Every structure is written in C-alpha cells, then in structure tokens.
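As structure tokens, the structure follows; a few thoughts come after it.
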Amino acid sequence: MIIDYYLGLLDMDYMKLINFLLSRYGYVRDDYFKKTSYNKFMRGEIKSIAKGDYARFNEGLYCHHIDENQFKNMSNANYIIAQNIPFEYQRKDRLVYCNLLEHTILHALIVIDTQGRFGFEGLVKYLMPTVMEWYLFEKVPSNKRLFPAYIKSFLYKDEAEIVIEAINRKLNVKIDKY
C-alpha cells in the first residue's frame, strides 16, 4: 500500500531518505541556478538569478535542496542574500528529486533534526497546506502545471488523513491550518 511506503519514509532519518530518493529518481541533472548569474546576483550586479535546467516538474517531481537543514528557503533570492548562501549549496550534487509527499516528509525530518530551526516554514506554509488541499479536501489543482505533481503523489482522502496524522505525531504538533 502507498500509505506503508510514506509511513516507512517517515521512519527513516534525513540522510537515509535523501540517499533513497537519489537512488529512486536519479541524480539532479543541473545546478539550481546558473553559476555566473548567481555570482553576479550576489555582487549586486543583477536583480534576479537565472535558474539551471534541473526541473522535472512535468514528471510531478520537485527539486529539494539537501542543505535546507542548514539554510532557510534556499531558492528565494531574499533569503539567499540574507544568509549569504555560497553557490556550492546550489550545485546539482546538493539537490534531490522528490514528489510532494516525499518533499513534505523531508521537511518534517528536517524540523525534527533541527528542533524546528529549519524546515518548519516550508512545511506549514506550503507543503502541508498543499497536501491537505489536494488530498484531504479533494481539490484537484486548477493550474495544469501542478497536475503532474498531484498525480505523482496521489492519495485518497482516507490515506491522506493517515499520512497527515503520522506526520503530526512524528512532529508532536498538529498542523491543521489551511
């Protein structure tokens, strides 16, 4: 059952899950940002950073920064500047592919490992609300770009309830805000 798969992931430690996902989906094919653009941005020469060709969103896969257990919101320009994140953390060998539920579990494990210093904001503001909207409240995304991600990690409502409750138990909190 798919529930057993997700519950099993929740029982892994963070790096074991990273390695599992690398073997499941393969290595990321490009850096998150283009190095030249990133360096120009960090020097204040340009206002936005060109992204690399890493995306597999058409397959329903997100790209997760492995080092989100050390930095917050590593794809956001404002956070990059505020934390002075070196380019090395944006390299393809510091990224992993995952579906929505796997991404949610990665963030839950980060929250646990860092006692809430990292991972929590992404978990409660984006990932869990998306899981709840799509699977608990059964709202199919109207944005066609999101549909592959919806299908890739599809859960029925009763399955979503079990996975969400298991995440809440693991975190020892109740994330139920939408």
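The values are calculated or read from the model by the stated rules, or taken from the named source; none is laboratory data. Since we're looking at a predicted model, the values are computed, not measured. Cβ atoms come from the backbone with ideal geometry, glycine included; neighbour counts cover every protein chain shown. For the accessible areas, the whole protein counts, side chains as well, though only heavy atoms, and no ligand, DNA or RNA atoms are used. Shrake-Rupley method; radii C 1.70, N 1.55, O 1.52, S 1.80 Å.
Here are the numbers:
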| read-out | value |
| --- | --- |
| Distance between the range 19-98 and the range 103-131 - C-alpha centres, whole angstrom | 17 |
| Entries in Lys92/Lys152; Lys40/Lys152; Lys34/Lys125 that, when Cα-Cα distance is taken, lie over 30 Å | Lys40/Lys152 |
| Computed [θ] at 222 nm, deg cm²/dmol, the chain (DSSP H ≥ 4; -39,500 (n - 2.57); rounded to nearest 500) | -12000 deg cm²/dmol |
| Linear extension gain, Ala55 paired with Ile151, 0.36 nm per residue minus alpha-carbon span | 32.9 nm |
| Per residue accessible area in Å² of the range 38-81, where ligands, DNA and RNA are left out and the probe is 1.4 Å | 53 |
| Signed unit charges on C-beta, dipole axis of the range 46-138, positive-most listed residue Asn99, Gly116, Pro129 | Gly116 |
| Gyration tensor (Cα) of the chain, equivalent ellipsoid semi-axes in angstrom | 28, 18, 16 |
| Of Tyr54, Tyr97, Tyr126, the one that fluctuates the most in a GNM where the chain has Cα springs shorter than 10 Å | Tyr126 |
| With every protein chain in place, the chain: carbon and sulfur % of accessible area (1.4 Å) | 50 |
| Percentage, to the nearest whole number, of Cα pairs in the range 12-83 over 18 Å apart | 48 |
